[in-house]
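**Q** This is the structure I have questions about; it appears just below.
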Amino acid sequence: MQQKMKKVKVTIQERGEPKEIEIEVPDDGQVGWGDVTQMKHIGQHIPRLDGVAKVTGKAKYTYDINLPGLLYGKILRSAHPRARVVKIDASKAMARPGVKAVLLPDDVKGLFNKECRYAGQEVAAVAATSPDIAEDALALIDVQYEKLPFVVDVDDAMKPDAAQVYGDRKNVSDPRVREQGDVAAGFATADVVVEATYRCQVQTHVALETHGTVARWDGDKLTVWASTQGVFSVRDELAKYFNLPATQVRVITEYMGGGFGAKFGARPEGIIAALLAKKAGAPVKLMLSRKEEHLTTGNRPSSIQQVKIGAKKDGTLVAYQRSNYGTGGVAGGAGIPAGPYIYAVPNFRVEQRDVSTNAGAQAAQRAPGHPQASFGMESVMDELAEKLGIDPLELRKKNDPNKTRQKEYDIAAQKIGWERRNKTPGAGSGTKKRGMGIGSCTWGGGGSGTKAQVTINNDGSVEVKCGTQDIGTGTKTIIAIITAEEFGLSPQDIQVRIGDTDFPPSGGSGGSTTAASVSPAIKSTTMLAKQKLFEVVAPKLGAQPADLVARDGKVFVKSDPSKSVAWKQATAQLADGPITIQGEWVAGYSDTGVAGTQFVEVEVDTETGHVQMLKVVAVHDCGLVIDRLTAESQVNGGVLMGVGYALYEDRILDSPTGHMVNANLEDYKVVGAMEVPEIEAIFYDEPHRGVIGLGEPPVIPTAGAIANAIYNACGARVRELPITPDKVLTALAQTQRKEG
Amino acid sequence: MYDFDYASPRSVREAVSLLERRGDDARVLSGGTDLIVQLREGRRKAGLVVDIKEIPEVNDLSYGPRQGLRLGAAVPCYKIYGNETVQKLYPGLIDAVSLVGGIQIQGRATVGGNLCNASPAADTIPPLIVLGAACVIAGPQGTRTVPVEDFCIAPGRTVLQRGEFLLSLRIPPPLKNSGAFYLRFIPRNEMDIAVVGAGASVVLGKRRTVFVSARVALGAVAPTPLFVREAGDALAEKPVSDESIQQAAEIARAAARPISDMRGTADHRRHLVGVLTRRALEGAIRRAKES
C-alpha cells in the first residue's frame, strides 16, 4: 500500500542562512494526542526529574568525567589575527616532565592550518598529566609567525584597500537579492516613508558549560564524552576522521550545560582530544576556557540594515527595501530572513552581503538571523507608527497576516496594560521614565527522524532509551511525562536513558526540533508497547485489548473499571519476558510554525542612560505543551538572552591589534540575577497541532521590544545594539537638540 | 597558574621581615579576590605570597568615640556591613562595601585589599577619602600614617615601600550633623566595575541649612581615585541648596580626567561625574539631616 504523505514546513540552515523549506512526511492519519483535558501529566507544571541531581552536583557533565590515567589537553592558538606559521619548535615542551603528547601542524593532516586567519585559531596541542603542566608546555612551544595584514572591523573590511581575509576572494560577497512585486511603484504610492539604519553587534553564545571532550581509546574503539547538541553528529564526524566504522565510536552526553547552536559535530577540539589520546595512549580531557569559548566556538553575526519602508495614511504597508551586511568572521554567512520580517508587504526588495573579517567563525545561535531581523523591523515599524500618528500596536495588527499573533497581541496588551503607556514618548516629569514596546517573532520548530526503545519489565519497571540529548531544555523530563501518561504511571516511575549513540538514533538538538522529534517517537513507541501489554492482559480481564485503559497505576476495562489489575500485576503476567519495542517518529503528533509576541516595560534613568527592565509579557504558541514548567523555563531563558543582546553583550575586537578585549565574563556582560525582570510566560495553547519547538522563539523579539520601550519611555531612539547608557544619552541629547 | 611559596606570618614583625627580604617578589594576600585572579592570569607575578590573615592587628574592627573606627586591613566586606556600629556611624562606607563584587566575593574581599590593589575604579576608596580615613602602614622602621587620598600613586601602584604593608585604616568619629554617601554607575545592577564612582561627605551647621564643610572624591575618572578638594571647599559656608550642590558638581565634573575605554566613553564619564556628584551630595545631606 502506498504511504500517504503530507507536506510540512521546516527551517534549515543553508550557507549559514536560515531557510524555510517544505518537505514531505508520512501522513498516517493519526488522530493525535487525544483529549488533553483528560491528561494527568501532559500540560502540567512538572519539575524536571534531574533537577536535584544537577543542583547537588550528582549529575556528571563532560567536565566531571574522570578516568584512571587521565591526561589534560590544551590547544595553542594563534597569537595574531593574521599570520603564517613559519617555524614551530616543540622540543622544549616535549622535554617538560609530565607532557605526554604534542600535536604539531605537520603531524596531522587537515586539522591545523599554518595560515592563521584569526587570533585564536588552533596551531598546536599538548596533553599532560595536569592542566598546569599542559599550560606550561604551550608556553614552551616556540612559534615563529610571519605577521600579515588583517582587518577585524566589518566596515573597514568593506573598503577597497582593506586587507584580504582570503587571498582568492573579496571580503564582501556578491549580494543575494530577493524581490517581490515592484518596490519603486510601491514607494510611489506611499503617503509616508521612513528610512533608517539599524546595527546589531556580534554576540557570543556563552553557554554555561564550555565546549569540551573526554576521549578514550580501547584498541580501535573510541569512546567520547562530549558537551554536544548532537551525539550522532559527533560520532559520525569522528568515525569519518579516523576512518572507523560507526560501530567503533561511541559518544556519550548524559548531561550538558547549554549549546545554543554552537555545539554540533566533533569540532576541532573534539578531534584534537581524540588524536592526543591516541598519541599518548591514555584518555584525554580537553575542556575549553571561557576565553577560547569567546574566540573560537562561534557567534551570532553582526547586522547592519539600511531600511526603507512605506505605508499608506491608514498604515497599510506598501513597500519595503533593505540592504543588510554583516560579518560571520572567517567563515559562515551573516544572513537574516530574506523578506520583511513577519509583516505582509506587497512590494519588497532585500539584499544580503556577507563580509569576511579576521575573527572567529560564526555558528548558528538561538534563532539564527531572526533577532537581527526582528530588531530592524520592529524598530522601523515603531518609527513609522509615530510618523503616521498611529498606535504602534494598531499598525502591527493592521499588517500582520498571522491569525495566532493577532490573538496574542490582545492577550499581551491586556496583560501588560498597554493603555497605561506614554501616549507621547518621553512624556512625564522626573528623571526616571517608564515606557512600553512590542516585538514579535516566527519560527519553524517541527520535528522528524527519531527512534526510541521502550522496555516494560515483569516487575513493572519501565525504561525508555533514546539517542537524543538533553541540552538543558528538559528532554529527559518530557520523555518521562509522555511515557507516564501512556502507561498511567508517574513520571518518576520511568527510567529515561538518553545521550548515548548506543541508543536508538535521534537528530541533533537544534532549530527547536527536539521536543517535536522526540515526543512523537516516544508516543508511538509507548503506544505499541502498551498494545502488547494489553494483548496479554485482556483475556484475563475478559475483554478485548482495545477495550482496556491504563491509568492511575492500573489497567482496567473502560466500560467497567471494576475489572482491573494493578500495573505491576499486569506486567507480572508477561510470560514471554519483558516487552521491548522499537518505534519511531510518526506524523500527526507534531507540527511546525509558531508565532509569538513580547511586550516589555522598562524604566530609563534620563540622567545616566541606565535602562532597568521591569516586565516582559511573552505570549507564544507551541502547539501542545508537554511540560508547562520547562516551557516557561524556555521562555525565561530566551527572554534573558534577548535582554543581554539588547542591552549588554558585545564582542569587542580592537581594530589596531585584532584581539578581542573582553574575552571573559567581566567585560563581556551577560544578564545577571539583578537584571532579571518580571517575566510572564503565556502559552496560546493549540494542542490539536501537536508538539512544536519553543527554544528559539522567545529570544527573537526581545531586543526590538526593548528598543521601542526605551523610545516610548524617554524619546531616545537608539538604532544600534547593545543599547548602552551612553547611546541612550547621546540619542536623548539629539532629541532635545531637535526639539530645542 | 605557576607555583609560588606561601607564608602565613603570625606577627607584624615576621611579615615585615619576609616582605623586606623578598621585595618585589613578594605579594600580600588577604581576601585574594584580586591577587589570585591576577596571578592566575599572569597580570602580576609573585614568588612568595604572604598571607597576613593570621596577624591579630589586621583583623581588628573596633570603634571608640575618640579614636573613631579601627578597620584592620584583612577584615572582609561582609563583616563590615554586618557590624552594627559601622552601620550606624559610617553608612557611607557601607554603601561601598556592600557593592564590591557579589555576595560570595564580599565574604572574602577586604577594604585593605581594595585599597592596595589601587584600581582607579576601586569602590571603597572614594568613601574612605571623604570620610577622612588614614592608612596605617607597618614597615621596617615601625608604622607610619598616610591619608587615603595620598595612598595610590598610579594604576596598581601605592606608596608602599619595600618591607611595608597596610596594617589598618583609621576613620575619625563622625562629627555632629554630618553624613556621607557613595554611589557608582555601572551598566548592569551588580558585579560590574564602576564606570564612575562618586563619594561625598558633608558637615552641616546646627540648623542644617548651611554647609560647614564637605569633601568629594571620584572613582574611575583619573589614574588614581581622585580627591576633588575644591568641590568640597566651594560648599563651605554656602546654603544647602540645589544651586550650591550643582556648583560643586560642576567643579567635580571639570576636575575629572576620564579616558574612553570599553567600559565607557570620556564624554559619558564626565557627564556622569556631574550627575553622581550631585546625587552623592544629596545622599550625604539626607544622612546629615537624619543624624
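**Q** Looking for whichever is touching a residue at least 60 places away in the same chain (Cβ under 8 Å) and in a loop (DSSP other than H, G, I, E, B) here; the options are B:Gly92, B:Gly101. Which one fits?
**A** B:Gly101
**Q** Tell me, which residue of the stretch B:137-187 that is of a type in the set (S, T, N, Q) and closer than 30 Å to B:Lys206 by Cα is surrounded by the most Cβ atoms within 10 Å (Cβ to Cβ)?
**A** Residue satisfying both the conditions and the ranking: B:Ser178.
**Q** I'm trying to understand the selection: among the residues of the stretch A:108-122, which are out of contact with any Pro (no Cβ under 7 Å at 6 or more places or on another chain) and in contact (Cβ under 8 Å) with a residue 12 or more places away in the chain?
**A** A:Val108, A:Glu115, A:Cys116, A:Arg117, A:Gly120, A:Gln121
**Q** Quick one: would you say A:Leu76 is touching a strand residue (DSSP E or B) at 6+ places or on another chain (Cβ under 9 Å) and either part of a loop (DSSP other than H, G, I, E, B) or of a type in the set (Ser, Thr, Tyr) (or both)?
**A** no
**Q** Assuming A:Gly428 fulfils every condition listed in (1) without any contact (Cβ under 8 Å) to a residue 40 or more places away in the chain; (2) buried (at least 19 other Cβ atoms within 10 Å of the Cβ) apart from one, which condition is it?
**A** Unmet for A:Gly428, out of (1) without any contact (Cβ under 8 Å) to a residue 40 or more places away in the chain; (2) buried (at least 19 other Cβ atoms within 10 Å of the Cβ): (2).
**Q** Inspect all residues belonging to the stretch A:164-177 and state whether any of them is more than 31 Å from the chain's Cα centre (by Cα), of a type in the set (A, V, I, L, M) and crowded, with 16+ Cβ neighbours inside 10 Å.
**A** no
**Q** Would you confirm whether or not the stretch A:678-693 contains a residue that is among the acidic types (Asp, Glu) and either within 13 Å of another protein chain (Cβ to nearest Cβ) or within 23 Å of A:Asn324 (Cα to Cα) (or both)?
**A** no
**Q** Considering only residues that are aliphatic (A, V, I, L, M) and away from chain B (no Cβ under 14 Å), which ones fall in the stretch A:582-612?
**A** Of everything in the stretch A:582-612, those that are aliphatic (A, V, I, L, M) and away from chain B (no Cβ under 14 Å) turn out to be A:Val586, A:Ala587, A:Val594, A:Ala595, A:Val600.
**Q** Another one. Are any residues in the stretch B:246-278 more than 8 Å from every other protein chain (Cβ to nearest Cβ), of a type outside the set (A, V, I, L, M) and over 20 Å from B:Ser201 (Cα atoms), and if so, which ones?
**A** Matches in the stretch B:246-278: B:Arg257, B:Pro258, B:Ser260, B:Asp261, B:Arg269, B:Arg270.
**Q** Further, regarding this structure: Of the conditions (1) under 19 Å from B:Gln104 (Cβ atoms); (2) not in a loop (DSSP other than H, G, I, E, B), B:Lys53 satisfies every one except a single condition; which number is it?
**A** (2)
**Q** Quick one: is A:Lys523 basic (Lys, Arg) and part of a helix (DSSP H, G or I)?
**A** yes
**Q** Can you give me the ranges of the strands (runs of 3 or more DSSP E) entirely in the stretch A:560-631 with at least 3 residues that are in contact with a Ser or Thr (Cβ under 9 Å, 6 or more places away or on another chain)?
**A** A:579-584, A:594-605, A:611-620
**Q** While we're looking at this one, here's another question. Anything in the stretch A:554-578 that is of a type in the set (S, T, N, Q) and over 21 Å from A:Leu528 (Cβ atoms)? List them, or say none.
**A** Residues satisfying the conditions are A:Ser559, A:Ser562, A:Ser564, A:Gln569.
To keep it simple, each residue is scored yes or no on (1) assigned by TED's automatic domain parsing to the domain that holds B:Phe151; (2) within 22 Å of B:Val148 (Cβ to Cβ); (3) part of a strand (DSSP E or B); (4) at pLDDT 95 or above.
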| residue | (1), (2), (3), (4) |
| --- | --- |
| B:Met191 | no, no, no, no |
| B:Val202 | no, yes, yes, yes |
| B:Ala214 | no, yes, yes, yes |
| B:Ala231 | no, yes, no, yes |
| B:Glu237 | no, no, no, yes |
| B:Ile259 | no, no, no, yes |
| B:Ala280 | no, yes, no, yes |
| B:Gly283 | no, yes, no, yes |
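**Q** Same structure again: Take the stretch A:654-677 and flag every residue that is away from chain B (no Cβ under 11 Å), of a type in the set (Ser, Thr, Tyr) and either surrounded by 18 or more Cβ atoms within 10 Å (Cβ to Cβ) or under 23 Å from the mean Cα position of the chain (by Cα) (or both).
**A** Selection gives nothing.
**Q** Select from the stretch A:704-740 the residues that are more than 17 Å from A:Leu614 (Cβ to Cβ) and hydroxyl-bearing (Ser, Thr, Tyr) and write down the one among them that is farthest from the other protein chains (Cβ to nearest Cβ).
**A** A:Thr735
The values are calculated or read from the model by the stated rules, or taken from the named source; none is laboratory data. All of these numbers come straight from a predicted model, not from anything done at the bench. Cβ atoms come from the backbone with ideal geometry, glycine included; neighbour counts cover every protein chain shown.
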